[in-house]
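For reference, the structure is listed below as structure tokens.
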Amino acid sequence: MKDRSPPYGAVYVPPHCRLRSLVSTPYCHSSSTAASLSPPIGSKFPRNHSENTSVLNPRNCPLQRQQRNGVADNNNCDNLNSIKKSVPKFVSAYDDRVSEEGSDLETDSYVVQPGACLSDGIEEWKRKLTMLLHDKETQELISREKKDRRNFGQIAALASKMGLHSHSYAKAVVFSKVPLPNYRFDLDDKRPQREVNLPLGLLQRVDSYLGDYLYQRSRTNNNFPDTFSRSSSSSLSTDDGLFEQPESLASSKAVMEKILWRRSMQLRDQQRTWQDSPEGSKMLKFRKTLPAYKEKDAILIAISQNQIVIISGATGCGKTTQIPQFILETEIESVRGAVCNIICTQPRRISAMSVSERIASERGRNWVNDLLPYRPELKLILMSATLDAELFSSYFGGAPILHIPGFTYPVQTHFLENILEMTGYRLTQCNQIDDYGQEKMWRMGKQAPRKRKSPIASTVEDAFRTADFKEYSNQTRESLSCWNPDSIGFNLIEYLLCNICEDERPGAVLVFMTGWDDISSLKDKLQAHPLLGDPSRVLLLTCHGSMASSEQRLIFDEPEDGVRKIVLATNIAETSITINDIVFVLDCGKAKESSYDALNNTPCLLPSWISKVSAQQRRGRAGRVQPGECYHLYPRCVYDAFAEYQLPEILRTPLQSLCLQIKSLKLGSISEFLSRALQSPELLAVQNAIEYLKIIGALDQNENLTVLGRYLTMLPVEPKLGKMLILGAILNCLDPVLTVVASLSVREPFLMPLDKKDLAEAAKSQFSGDYSDHLALVRAYEGWKVAERDLSGYEYCWKNFLSVQSMKAIDSLWKEFFSLLMDTGLVDGNPTTCNAWSHDEYLVRAVICYGLYPGICSIVHNEKSFSLKTMEDGQVLLHSNSVNARESKIPYPWLVFNEKIKVNTVFLRDSTAVSDSVLLLFGGSISKGDADGHLKMLGGYLEFYMQPAVAEMYESLRRELDELIQTKFPAVQGFDIVNFCHGECGQLLNPRMDIHMHHELLSAVRLLVSDDQCYGRFVFGCQVFKPSTPTVLATKPALISRSDSGPGGDNSKSQLQTLLTRAGYASPCYKTRQLKNNQFRATVEFNGMQIMGQPCNNKKSAEKDAAAEALQWLTGGTQTSQEYINHMSMFLKKSKRDH
């Protein structure tokens, strides 16, 4: 099989590398410095750029070599032109090699190297930036000079005035025509570069398995049994009949029509019976009081005469609950009820549940644009209280608009300046620091004044420039001048709630907060208050998307007499759910909304100002049953600066799943199709999604679906989770993978009650073995299944702080996904076959890596902790709910993660630790580096250095493993997802294949991923592999002498000396140092290498421990008999001759 390493366009490259190419030009005082930058005819340029340019390799540049060697200086400008004539300005379109500073080459940029002829002063920079603006071939200017980094503020201000973007990175400053990301790995000298070390014994065993596999395959000339055939056209239809059509379908048409007519008559009779019943009559009487019912005839006429209808109506007018019933009732009366299908959508689970329950009770029960021309029977009705009706009507070709007037009682509005004036409350810097408790002191620190303004503060600053508060008192004006818009205002909310409880009329209070952290912290504060925390006077409730259904119902119930209900809610309470007894509303004016930073390729969850429509919705919640009051905790001028409408979701979420759906429905080019959307997403966001789908193998270089991509379209999960399911089925470790995917598709099953958080964390920790959130989910689910069989599922969940609803949802999805995999032919339904290797935790970990890649994060340990770094974000943190967040050391070099989110910094929500071998075998495509033993992934962000023989072994294993996976996939000819969903795809071939026929290959893979003890280390600035002074640490730290352990035992020093002497090397040398805890640690040096032992109680034991570690590393942890020592000596002699 050919090497599958893709070209530049197929690797995952962040936006800043996709949009640039390199032009390297030294600067000097001469006017000829900016000599011709136009590319020669025929030069190449990265595919995403509109111009033809190419890349200059600075290593081939004589001038730069002289500069690095100290030859070129400021007096060399006279020779510049003559030198330039000999410089090959343009070479390849992409250079994988690493610069001397340890960074990848920057593309489409001037690289200003130290020693170039630079002028000191702003005028010189003004000239350079002017040249950059006028040069159409160049995107950016980079300088690594210390003085430029020191004077970055002044230069950046100049660049901003000229319309350029700027950013200061670790050891470089960049000025660009396009926006710059927060982190660039090509400018990071300390991006992950990994030396991979494997024990010799492990290498020999893996090589033995691989050699046997390749030998057996060569003997059979690749003629495997017919089960591998990719050309048979009848295997599925004749074997299992999964896609066979029911017989005599055409003859049963008349019978089906008769059945549907009978069902329609039955529905009509049931409806009339309900309407004539006392309960039905009472419900109909109530429905007739709603404003929507008065517009019933007009609505039905508009729907019957138009394919698309847009309906706007105020909150509470009945549009959500009544209009679907109008349509259904009409169809049932017309004896078409059995063929009427109405789909209602809601943005959140709680909204969908409350609406469905309401419609069911009213009926006496207990329980898209391009498509429309092809489906004339399809009716589209768009309804919202906050809909921009004119925009939708224009998009759908002038679709009719209906408006239902609502009825609410008048609501008195108070903005911040009115609240301060009315109550006399004084704002100071101290009383605006929100108390998040001892565990979240860092949040309180974030409220301190910051050098860089947040978007929230920037909006306020602009609004205050034109604000006039002259009519208010001096105290109010002083308070407004101290107002901190980034603060929620816990103290002010507490003060207002006390006033309402003591002085105002009865009625519930709804407080809008930004998110769960704010709600939980404010609830803690209020519960500590003598009045607000008194349960006999105040019923304190919360309302958010992750709460249990039983808790959600409490917010709709009225409290006992004399008790005031206070509901702390997110923006979930704005629409769809209605709490009827709300009289007072407190609105902080902010909400945490998911957004997508396409430039940094990072999802964000940051507080931001709401829209005017959302503010009106919040205000309207106070006038449902009687006149109400709304307290907006921000000034009127800030409200006037709000956007009219919320940003649509397509503009603030990643688009991978949407792009995959577009290709599966054969809608043409992804970018072209999305450009026709009502509000089309940013082009960079679309490009990021397409690049991601190429990385994971769902799309080829022409944006066509691959075989893997076609399978992913069949699974109703994110593409990365679909990949995980498919490989779990192929490698026969399906059950735990099904659990992981189902768990990641529902809300977090682990509960963290505010009053029992320590107990909940302790309960979760019992499932969290071996540094994996995902395996913790597997253990929790497996325990729940056992408890369910013993009829003690609820007790198990209560004891372990697990959500019963989440566990049942996981179980339901588990069964659904298994059924789908059977339908696709990837599994045959035999649980024994599907789970032959489910017990192999290392293989399951590898499958998780296969699915979650390129979500990869490096773990670099320091003295007391470790740091984490991703390709798009640089430094990141682990979310506090992750099991890995509690670990002080993680004995793995990498984490794969499912979700990251930017709040104040970037957090990894869930992660699994993996070894070098897992990443190299189950990660993305591998490409060769500049030297033997140098492998690269993710466009050069991940680099691995190892002995050439080890690199060759990894490449061979990866090739064979990829071929095995591809062979397991059946060919898909003329694939049509629509026909597949209707059971009409007869071209899918039977993928049934005995995976155990590849026993030797899979044994080699399993051995490597299970026995890789991560003996390597991270290095920085490597250009070629140099096995100099690698430090090998033991995987499990111990604070005792290991004189009786490891290779050699008490005699480890003499055995090491014997081994090295026979190999022709000098005797080892030991260095010992005393640690702070009065213990000793030794380092043994030999052959230019250093191997460190563990802390011991005395120097002698420390030296023995270091010798034992050296022997363990040299022998691969095997026995150290005299025969084996002799064998190792011969091996080292051969290695020495090779060097």
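The values are calculated or read from the model by the stated rules, or taken from the named source; none is laboratory data. Remember, predicted model here, so these are calculated numbers, not experimental data. Cβ: placed from backbone, ideal geometry, glycine included. Neighbour counts: every protein chain shown.
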Task: Test result for D916, under 18 Å from S594 (Cβ atoms) and crowded, with 23+ Cβ neighbours inside 10 Å - done: no
TODO: For region 283-297, state whether one or more residues are touching a helix residue (DSSP H, G or I) at 6+ places or on another chain (Cβ under 6 Å) and farther than 22 Å from P405 by Cβ.
DONE: yes
- [ ] Quick one: in region 341-390, of everything that is modelled with pLDDT under 65 and touching a Lys or Arg at 6+ places or on another chain (Cβ under 9 Å), which residue is farthest from I404 (Cα to Cα)?
- [x] D370
TODO: At least 3 residues that are hydrophobic (A, V, I, L, M, F, W, C) in each: list the strands (runs of 3 or more DSSP E) lying fully within region 792-883 that qualify.
DONE: 856-861, 874-878
TODO: Please state which of the following conditions I519 fails to meet, knowing it meets all the rest: (1) at pLDDT 90 or above; (2) under 30 Å from the mean Cα position of the chain (by Cα); (3) of a type in the set (A, V, I, L, M).
DONE: (1)
Open item on the list: I'm trying to understand the selection: among the residues of region 848-860, which are out of contact with any strand residue (DSSP E or B) (no Cβ under 8 Å at 6 or more places or on another chain) and more than 24 Å from L708 (Cβ to Cβ)?
Closed with: none
TODO: Please work out which one of (1) touching a His at 6+ places or on another chain (Cβ under 9 Å); (2) surrounded by fewer than 24 Cβ atoms within 10 Å (Cβ to Cβ) is the condition R959 fails and give its number.
DONE: (1)
- [ ] Could you please find all residues in region 926-941 being more than 22 Å from Q204 (Cβ to Cβ) and touching a strand residue (DSSP E or B) at 6+ places or on another chain (Cβ under 7 Å)?
- [x] I926, S927, K928, G929, H934, K936, G940
- [ ] For region 288-307, indicate whether the set of residues that are within 39 Å of the chain's Cα centre (by Cα) and polar (S, T, N, Q) is non-empty.
- [x] yes
Task: Residue within region 733-748 that is over 30 Å from S669 (Cβ atoms), at pLDDT 90 or above, in a loop (DSSP other than H, G, I, E, B) and not assigned by TED's automatic domain parsing to the domain that holds T602 present - done: yes
Open item on the list: Please go through (1) within 30 Å of C317 (Cβ to Cβ); (2) modelled with pLDDT under 80; (3) polar (S, T, N, Q) for S248 and return the number of the only condition it doesn't satisfy.
Closed with: (1)
Task: Criterion (of a type outside the set (V, I, T) and in a strand (DSSP E or B)) met by exactly one of L568, L647, L599 - done: L568
Task: Residue count, region 617-638 (criterion: under 26 Å from S479 (Cβ atoms) and crowded, with 19+ Cβ neighbours inside 10 Å) - done: 13
Open item on the list: Given the criterion farther than 29 Å from L712 by Cα and of a type in the set (G, A, S), identify the matching residue among G851, G874.
Closed with: G874
- [ ] Specify the residue that is surrounded by the most Cβ atoms within 10 Å (Cβ to Cβ); the eligible residues are those in region 709-732 that are part of a helix (DSSP H, G or I) and out of contact with any Leu (no Cβ under 8 Å at 6 or more places or on another chain).
- [x] L727
Task: All positions within region 888-905 that are of a type in the set (A, V, I, L, M, F, W, C) and surrounded by fewer than 23 Cβ atoms within 10 Å (Cβ to Cβ) - done: I890, I901, V903
Task: Flag if Y1065 is at pLDDT below 85 and either farther than 25 Å from D1011 by Cβ or in contact with a strand residue (DSSP E or B) (Cβ under 7 Å, 6 or more places away or on another chain) (or both) - done: yes
TODO: Would you point out the residue of region 762-775, among those that are surrounded by fewer than 24 Cβ atoms within 10 Å (Cβ to Cβ) and within 24 Å of the chain's Cα centre (by Cα), that is nearest to E718 (Cα to Cα)?
DONE: L775
Open item on the list: Going by what's in this entry, would R336 be described as surrounded by fewer than 18 Cβ atoms within 10 Å (Cβ to Cβ) and at pLDDT below 85?
Closed with: no
